[in-house]
Every structure is written in structure tokens, then in C-alpha cells.
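The values are calculated or read from the model by the stated rules, or taken from the named source; none is laboratory data. For clarity, every value in this text was computed on a predicted model and none was experimentally measured. Cβ placement follows ideal geometry from the backbone for every residue including glycine, while neighbour counts extend to all protein chains displayed.
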Amino acid sequence: MEPRARILVVEDEPDIRRFVRMTLEAEGHEVFEAATVQRGLIDAGSRRPDLAIIDLGLPDGDGVGLIRELRTWSAAAMIVLSARSAETDKIGALDAGADDYLVKPFGAGELLARVRAQLRRQTLANAGADPVLRFGTVSVDLARRVVERDGQPLHLTPIEYRLLTHLASQPDRVVTHQHLLKAVWGPGHAEDTHYVRVHMANLRKKVEDDPSMPRHLLTEAGVGYRFRP
């Protein structure tokens, strides 16, 4: 069971806020509520939550601005909860610093699964990086830059290696195409999304048991990718 966490819910609709609070408290988490950007900033500073769940359409500002402000000083995981389902809205929130994006309406089960994933990611980050990443039958020795599958050496190109290690360093987090391009290829390639698709397809052929139904390198349609250990 995931450890008890301090969670801040920034949502202006009382019914949704109440539902989220009851769902999280039933799992043993400590929950704080805010209905505005201003209150959310104050509570984030005073409560120091492990995770924040943030609506985008707040009465005194946009949730993206809140996320961007929090990211300047907070390492808390952030999940967007919004009725906005357009890819541009998702990309904007994720590029601002959100870790995940959940579209309304949503179920309690999906919300809790997203929360558990972010708390797991945070626990791993706080525990310090393991010099060897393992998922499925693949192991990546970060110190030696050696990749093996089923105990046998696996050749990855430099681009494939950087893609894999960058995604794997942020398990369960949605990473946008633009973020990957800047991190792996550099700022001059921010619009070359086809680069990511081609190299990701090749990488899946090497590390996934069934590249057509990947278990670890997951596509977030129109947005980017998520690594699932």
C-alpha cells in the first residue's frame, strides 16, 4: 500500500472537490482544499503537499499559470484535472510542469491509479537513483552505459539510449514530444516530432516483447510518451 501522502486539491467546483477529497481520504491520504489560484499558492507554501491536483479553469486565473509558478520552487507531483480535452491544453499543462492530465468526467479508480503512480515515482526519486534500471527483461546499467535483454547485450543507438534513459528517469510521467526533442536532440529541433516517432518505433522493436502492444513505452496520443516500469 502506498504511504499516506499530503495532497492539495485546487478545484473551484464544490461537488468535484468533495468527491476528490472523499476518494483520497478513503485511501488514507491527508487532503487540503483550495478553490482559487491565490489560495492554492498559499496552501502549497504552507502545507508543502507531496502531490497537487489542479483544475485549469479557476475563477482568478488559469491553472497552467499556477503550475508554472509552483514549479519554480516545488518538487511536488502535479496532476491536472480538467474538462479541457484538446491536445493543445494537455501539452500546455504538461510543458508547464504537470506530471499527468486527467480529463473530466473521471472515475475514482482512474484518479487513484494516477495518484498511486505519481507517489511511486516520487518515492523512487527520493530514494536516490539506482545505477541499474530494470523493466521486463531489460536492464540498463547507467554507470557503464550497458543495456541487456534476457542477460544478453542489446545494441541501442546513442539516440535510442538517450530516449530510453530520459523516459525511464521519469516513470509514470507524461513527457511531451517537445520536451523529448529538446532533451535528446537539442532546442533547435523543437518542432521535428517525426524524429521522436521514428526512433521510438525502433526502440520498441528492441525492448518490447510485442512492439505493436507496448507495455513499457506507452503513447499518449498527440501529446507524447509515458514510461511504465
*Taking the stated definitions as given, is ARG197 of a type outside the set (Val, Ile, Thr), closer than 22 Å to ASP141 by Cβ and out of contact with any strand residue (DSSP E or B) (no Cβ under 7 Å at 6 or more places or on another chain)?*
no
With criteria (1) within 17 Å of the chain's Cα centre (by Cα); (2) at negative phi; (3) in contact (Cβ under 8 Å) with a residue 40 or more places away in the chain, LEU218 comes up short on (3)
Matching residues in the range 8-33 (farther than 26 Å from GLU87 by Cα, aliphatic (A, V, I, L, M) and under 22 Å from the mean Cα position of the chain (by Cα)) number 2
Quick one: would you say ASP210 is over 21 Å from the mean Cα position of the chain (by Cα), among the acidic types (Asp, Glu), surrounded by fewer than 16 Cβ atoms within 10 Å (Cβ to Cβ) and modelled with pLDDT under 90? no
For this session: Might you let me know whether the range 23-33 holds any residue that is crowded, with 22+ Cβ neighbours inside 10 Å and touching a helix residue (DSSP H, G or I) at 6+ places or on another chain (Cβ under 9 Å)?
Result: no
Result of the Cβ filter at 7 Å on the range 46-67, keeping first residues that are part of a loop (DSSP other than H, G, I, E, B) and partners that are polar (S, T, N, Q), at least 6 apart or interchain, is ASP50/GLN122; ASP55/SER82; LEU56/SER82; PRO59/THR36; ASP60/THR36; ASP60/GLN38
